[in-house]
1. Hey, can you grab everything whose amide H is under 5 Å from the amide H of Val147? Only 5+ residues off in sequence or another chain; H modelled, so Pro and N-termini drop out.
2. Could you report the chain's accessible area per residue, 1.4 Å probe, as an integer in Å²?
3. Would you mind calculating the relative contact order of the range 53-184 from Cα pairs under 8 angstrom and at least 6 residues apart, reporting the percent as a whole number?
4. Starting from one equal scatterer on each C-alpha and no solvent at all, send me the Debye-based log10 I(q)/I(0) for the chain at q = 0.10, 0.18 Å⁻¹, two decimals.
5. How many nm separate the modelled label positions at Phe8 and Thr156, each set 7 Å beyond the Cα in the direction of the Cβ?
6. Once you put a point 7 Å from the Cα of Met61 and another 7 Å from the Cα of Phe46, both along the Cβ direction, what distance in nm separates them?
7. Under 30 Å Cα-Cα from Lys164, which lysines qualify once same-chain neighbours fewer than 8 residues away are excluded?
8. Using a 1.4 angstrom probe and counting only protein chains, how large is the accessible area of Ile54 in Å², to 10?
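The values are calculated or read from the model by the stated rules, or taken from the named source; none is laboratory data. Small disclaimer: the values here were computed from a predicted structure and weren't measured. Quick reminder, even Gly has a Cβ in these numbers, built from the backbone with ideal geometry, and neighbours come from all protein chains shown. Note: areas computed on protein heavy atoms with side chains; ligands, DNA, RNA excluded. Shrake-Rupley method; radii C 1.70, N 1.55, O 1.52, S 1.80 Å.
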Amino acid sequence: MFAVAPVFLLFIYQRFSGRNAKARERCSVWLMNLAISFIYAVAAWFFGPREFFIILTSVAMIAGGVGVWLFYVQHQFEDVIWERKKGWEFAAAAMQGSSYYKLPGILQWISGNIGFHHIHHLCPQIPNYNLQACHESDAFFSSVPPVTLRESWKTTRLKLWDEKNRRLVGFSAVGRAAAWPVQK
């Protein structure tokens, strides 16, 4: 998920437009592909094809893996709220369905403040350089519990939604649940 999937997304999936894409969107994708091909050709000529391929795939795997990690942590944490259509509310989904990933200063800067994901979901028009100021502007925003870098490693075990307890759990919870008596 963190190494192969980002490379697939970057080099294959995003190189094609969707079935229902409008002509303008298809044109945009093909123009981007043309620009990328030109840049790759120049870089391969400059560095050599083998060296360029090694550099490109290494950087793509690392950067893509970090991007998928950020997305994963911001939507897969223990106290996340997931709702079906009937109970879904916009503000609750934004504030409790995405995390405040509290990163060290340099990582916060490198990631463009995307750790303030709850605010991004509430209002995507807020530019990344204003997300922290927005978070600090009202106690409502700081009510979202932060997920720290250390705590984020624990999210990798969370794979299943426990409807009864309304929280994400790991596969180990399935074994415990199987031992429970079945209610009729």
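1. Those lying under 5 Å, H to H, from Val147 are Tyr100, Tyr101, Lys102.
2. On the way: 13240 Å² over 184 residues.
With the other protein chains kept in place, the chain gives 72 Å² per residue.
3. On the way: 143 pairs, mean separation 31.3, N = 132.
Dividing the mean separation by the residue count of the range 53-184 yields 24 percent.
4. Per q value, in the given order, log10 I(q)/I(0) is -0.59, -1.25.
5. Rounded to a tenth, the inter-label distance reads 1.9 nm.
6. 2.3 nm
7. Cross-link targets: Lys85, Lys86, Lys102, Lys154, Lys184.
8. Surface accessible to solvent at Ile54 totals approximately 80 Å².
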